[in-house]
Amino acid sequence: MLSNGNVLIADYVGNNVIKEYSEDGKHIRDIPCSNGPFDLTVIDSDCIAVTYGDKKYVEILDMKNNTVVRKVIFNDECHGISYQENKLFIIIDGIVITDITGRVLQTLDIDCGSYLKTIKDRIYFTCNSTVNCISMAGEKIWEHTEKSSGDLFGITVDDHENVYVTDVQSNTLIAIQHAGRCSRTLLTETDGLHSPCALYYNKYKKALLMCNEAELVFLYNLVEY
């Protein structure tokens, strides 16, 4: 989500675009991409960083002018991406940390899934049925296993360090609380979830964005519980 509340959605299996919508779901425009975008992260009001999955590269896009500011090629597939304090955290056969120019600063040799989220001094990611929290140096802080799940996918974190993950097999949205010590299911298939994948939390609007593979997008207001 952008600072103005608009929503950006990576159309990975569609028409090589990032779709921009208003908060009320009105389509505003398509931002052209060089291939099918897998994930994106907002750098500032004008620029975003985009990964392209098996195409093995990352681009910095200027949304205002629809131009590529920078393209960085890697040796492996590029999936989830997160931006924090002038650094990019990218899932590339582990977690690769680069500066904004694409220069590799650090590589964490860690098994992880497709998405990650950084907040403060921590990195959160899923891997099969586990939710993981590590330090920026790759040290384990906590790990939570959802025994009834085998395919946790999207992940995001709110202001209170509650972690939200999607389970594409059981069609559920799960909240992990208290440093991984407990969890509960918030939404299920009866709420319209069908292969839920990417998640994003907007701390300014206290809103949770969730994408389904069935071409449905949900925007929820989060309430404290």
Review point. Which pairs do you get when a residue that is assigned by the TED database to the domain that holds LEU209, found in segment 143-160, comes within reach of a residue that is part of a loop (DSSP other than H, G, I, E, B) and of a type in the set (Val, Ile, Thr), reach meaning Cβ atoms under 7 angstrom, with the pair 6+ apart or on two chains?
Key: ASP151/VAL168; PHE153/VAL168
Check your understanding: Which of the following residues is among the aliphatic types (A, V, I, L, M) and surrounded by 14 or more Cβ atoms within 10 Å (Cβ to Cβ): ILE48, ILE28?
Key -> ILE48
Check your understanding: Among (1) touching a His at 6+ places or on another chain (Cβ under 8 Å); (2) buried (at least 20 other Cβ atoms within 10 Å of the Cβ); (3) not in a strand (DSSP E or B), which single condition is ILE176 missing?
Key -> (3)
**Study point:** Per-region count, segment 134-160, residues buried (at least 16 other Cβ atoms within 10 Å of the Cβ) and closer than 21 Å to MET210 by Cα
**Key:** 9
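For (1) in contact (Cβ under 8 Å) with a residue 24 or more places away in the chain; (2) touching a Cys at 6+ places or on another chain (Cβ under 9 Å), each residue gets a yes or a no:
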{"position": "GLU23", "(1), (2)": "yes, no"}
{"position": "PRO32", "(1), (2)": "yes, no"}
{"position": "ASN35", "(1), (2)": "no, no"}
{"position": "THR41", "(1), (2)": "yes, no"}
{"position": "TYR52", "(1), (2)": "yes, yes"}
{"position": "ILE60", "(1), (2)": "yes, yes"}
{"position": "THR67", "(1), (2)": "no, no"}
Revision key, fill the gap. Of (1) free of Cβ contacts under 8 Å to residues at least 60 places away in the same chain; (2) touching a Phe, Trp or Tyr at 6+ places or on another chain (Cβ under 9 Å), CYS47 satisfies every one except (2)
Check your understanding: Looking at (1) over 14 Å from the mean Cα position of the chain (by Cα); (2) part of a strand (DSSP E or B), which is the one condition that is false for SER34?
Key -> (2)
Point to revise | The lone exception for GLY102 - which of (1) surrounded by 15 or more Cβ atoms within 10 Å (Cβ to Cβ); (2) under 27 Å from VAL165 (Cβ atoms) it fails | key: (2)
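Only one residue in LEU193, LEU199 is under 23 Å from HIS79 (Cβ atoms), modelled with pLDDT of 90 or more, more than 17 Å from the chain's Cα centre (by Cα) and buried (at least 20 other Cβ atoms within 10 Å of the Cβ), so which one is that? Outline the logic, then answer.
Values: LEU199 fails: more than 17 Å from the chain's Cα centre (by Cα).
Answer to the check: LEU193.
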Review point. Considering segment 179-212 alone, what residues qualify as being more than 23 Å from ASP24 (Cβ to Cβ) and either of a type in the set (Phe, Trp, Tyr) or in contact with a His (Cβ under 8 Å, 6 or more places away or on another chain) (or both)?
Key: GLY180, ARG181, SER183
**Study point:** Candidate set: segment 129-150, residues that are touching a strand residue (DSSP E or B) at 6+ places or on another chain (Cβ under 6 Å) and not in a strand (DSSP E or B); chosen: the one modelled with the highest pLDDT
**Key:** GLY138
Exercise for review: Search segment 76-97 for residues being in contact with a Lys or Arg (Cβ under 7 Å, 6 or more places away or on another chain) and more than 25 Å from ARG29 (Cβ to Cβ), and hand back the single one that is surrounded by the most Cβ atoms within 10 Å (Cβ to Cβ).
Suggested key: ILE97
Exercise for review: Could you grab me the full set of residues in segment 78-119 that are under 18 Å from LEU199 (Cα atoms) and of a type in the set (Lys, Arg)?
Suggested key: LYS117
Check your understanding: Has segment 58-75 got at least one residue that is surrounded by 14 or more Cβ atoms within 10 Å (Cβ to Cβ), outside any strand (DSSP E or B) and under 16 Å from the mean Cα position of the chain (by Cα)?
Key -> no
Review point. Any idea how many residues of segment 184-225 are without any contact (Cβ under 8 Å) to a residue 40 or more places away in the chain and not in a loop (DSSP other than H, G, I, E, B)?
Key: 12
Revision key, fill the gap. Sole miss for GLU20 among (1) surrounded by fewer than 16 Cβ atoms within 10 Å (Cβ to Cβ); (2) over 27 Å from VAL104 (Cα atoms) is condition (1)
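The values are calculated or read from the model by the stated rules, or taken from the named source; none is laboratory data. Keep in mind that what you see is a predicted model, and the values were worked out from it rather than measured. Every residue, glycine among them, receives a Cβ derived from its backbone with ideal geometry; neighbour counts consider all protein chains shown.
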